[in-house]
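First the structure, in the form of C-alpha cells, and then the observations on it.
The values are calculated or read from the model by the stated rules, or taken from the named source; none is laboratory data. Just so you know, these numbers come straight off a predicted model, no measurement behind them. Here the Cβ positions follow ideal geometry from the backbone for every residue, glycine too, while neighbour counts run over all protein chains shown.
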Amino acid sequence: MVTRLLGLTLTLIVLAPSSLVGQEDRVAVIVHPQRHAALSVDEVAQIYLRRKRFWDDGAVIVPLNLPSQAPLRALFSRLVLDQTETRLADYWNRQYFYGIFPPATLASTEAVRRYVAADPNAIGYVPVSEVDGSVRVILHLE
Amino acid sequence: MEALRSHSRTRRDRLIVTRRVIIFLPLLITLVSPAAWAASANEAAPSIERAEPETFGTNTPLGRLSYQAGRGVRVGKTGLVVGGFTTAEVERLEEGDSRGGLEELSFLVSLKPIPFVHLFTELGLGPLMELERGRKGVHSDPQFEVDRLYLDLEARDALNLRFGKFLTPIGRWNLAPIEPLVWTTSEPVIVDEVFDETMTGAMLHGVGFPLDGALSYSLYGTFLNPLDPDADAPPAKRSTGAHLEWASLRGWSVGASYWASQRRNGEWNHLGGADLLWQPHARVEVSGETVFGEGSREDGVLWGLYAQTVVEMVRTLYLVGRYERFDPPGVKRAVNLFDLGLVWEPVPYLRLKADYLIADHLNEFSEPGFRMSLSLLF
C-alpha cells in the first residue's frame, strides 16, 4: 500500500507540473479563418518587429499585442522575439525615428480573439485554451 | 559684405522652405483625408477599444489625444503622430574652449492616413540656447530647418518608393544619428566628414525574409534641388547609391554601401563602405563601420573606420568605448581617436552621457575633450 501511494505521489509530482505547463504556457498565434497563410516563428517575429508588413496577397498586416504587463505577452516575446525589454526598447526608439510604431495593443486576450475574428488582416496571440471556431490557429508556441 | 549677403540669402531660402512646408503639409493632409477616414473606419471595423500605453490623454473631436513618453502624441484615428527629441550638452575641450547649451528642438511628424501612404518629416528649431566661455550672456538665434521630409508609397514589403529629403543610407550610424539613439556625444569622423548626411530625391527600398533574417535594400539618387541644404557643408551636385543589409533575428547584422557623388567640376567620386552590428550577449553590443574611396567634400582617396563596444555594467548603466581611425585625402596625417564614456539610461527615452575623446594629435576633424549630454525623446 505504502509502495503504491509512493508510486502515485511520484507519478503526480512528475506529471502534474508538465501538464500544467502544457495548459498555461501554450500560446496560439491566430488569424481570421479566411486567411490560409502558413507562418514560421521567424516570420511571426518579423511581423511583430514591423519589418514584414504585408500579407502575400498585398493586404496590410495588423499585428495585435497585449499590454506590456500581461504575462502572456512576456511569454510571447520570449518565445518569438527572444530579446530583452531593453533591446526591444532600443529597437523601437530607432523605428520611432522613422515614424514606425509597435503593434497595436488590446486590453485582453478576449479582445484580441474578437478583433482577429472580425478583421481578415489581423494577427494575434491567445492562450490555446481560448481558441474557438471564430479564428484559425497558424502556429503553436510553447 | 559677401558673408552678410550669403546670410541674408540663407534666411530667404529658409523662409521659402518654411512656406513650402507650410503649404505642402496641409495640402497633403487635405488630399488624403477622405481616404484616411474611410481607411480608419475600416481598420476600426471590429470596434474594439485599443489599450495603447498612455502617459496622459484627453478626448477631442478628432478622437483620443494620447501622449506616450518617448512615442509622441497620437491624434485619434487620423494616423497622425507628433513627437520629437532634444538635447542639452556641455563640453570642455583640450584646446581650452568651454561651451554649453540647449541644441535643436526637433519634431517628428508622422502621418499614415491610409495603409499604403506614409508622410514623414523631421523639423528642427535651434540652437535654442548657447553659452560659451569668453562670450557674455546666453545666446539664442534659433533657425527653422527641414531635416527630413518625404513621402513613402508602400506597395509590398519588397517594394517601396520614397520621395523627398531623407538620410543618406550609408552604414548604420547615419541612419539614426540623433543623440537619444547613439551611445556617445560625438559622431565618428567618417560619418561627419565624408558624405552628405541627407539627400533630396527618390529611393526604392524594401525587404525580403530569406532564412532567419531580413535582407533589406535601398537604391537612391538625387534629381531635385536640395531641400534646405546645410550651408556649412554644401551637398554634392548629384549623387546616387545603394545600401544592402542583412539583419539576423539572432542579434547580428552586416551591411554594404556604395555612394557616387558628382562634384561641382562635373567629376564623379566613388565611395564604398561596410558595417556590422553584433550582440553576442544581452548586455554587450559591438558595432563598426568602414568607408574607403572618395567622399563628396574633397578630391582624393580616403579611408576610415570605427569600432565601438557597449557593455551594460549594471542595470541602466553602460560603459562605452570607441576607436576610430581616419586617413583623409591628400597629404594630411591620419588621425587615431579613442572615446571612452558612461551612459545612464534610467528609462528608454532618456540618456545621460559623459565621455572623453582622446586624439593622437590635434587635427581639424575632431575636438578632443570632455563632453556631457542629456537627451530626451518625447
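Descriptive notes on the structure:
- Sub-6 Å Cβ pairs linking a first residue in region B:49-77 that is within 14 Å of chain A (Cβ to nearest Cβ) and touching a residue at least 60 places away in the same chain (Cβ under 8 Å) to a second residue that is among the aliphatic types (A, V, I, L, M) and part of a strand (DSSP E or B), at least 6 apart or interchain, are B:G70/B:L377; B:G72/B:V81; B:G72/B:V82, ordered by first then second residue.
- Note on region B:223-239: residues that are assigned to a strand (DSSP E or B) and either within 30 Å of B:W278 (Cβ to Cβ) or within 18 Å of the chain's Cα centre (by Cα) (or both) total 1.
- Within region B:48-93, being more than 24 Å from B:W183 (Cα to Cα), hydrophobic (A, V, I, L, M, F, W, C) and assigned to a strand (DSSP E or B) holds for B:F56, B:L65, B:V73, B:V75, B:L80, B:V81, B:V82.
- Test result for B:R263, among the basic types (K, R) and within 14 Å of another protein chain (Cβ to nearest Cβ): no
- Residues of region B:175-197 that turn out to be touching a helix residue (DSSP H, G or I) at 6+ places or on another chain (Cβ under 9 Å) and of a type outside the set (A, V, I, L, M, F, W, C), as a count: 7
- Residue that is within 14 Å of another protein chain (Cβ to nearest Cβ) and at pLDDT below 95, where the choices are B:P229, B:P210: B:P210
- Taking region A:40-52 as the range and being buried (at least 18 other Cβ atoms within 10 Å of the Cβ) and more than 7 Å from chain B (Cβ to nearest Cβ) as the test, the residues that pass are A:V44, A:I47, A:Y48, A:L49.
- Residue check, B:A214 farther than 20 Å from B:A176 by Cβ and part of a strand (DSSP E or B): no
- Positions within region B:274-312 being surrounded by fewer than 15 Cβ atoms within 10 Å (Cβ to Cβ) and within 13 Å of chain A (Cβ to nearest Cβ), in sequence order: B:P280, B:H281, B:A282, B:V284, B:V311
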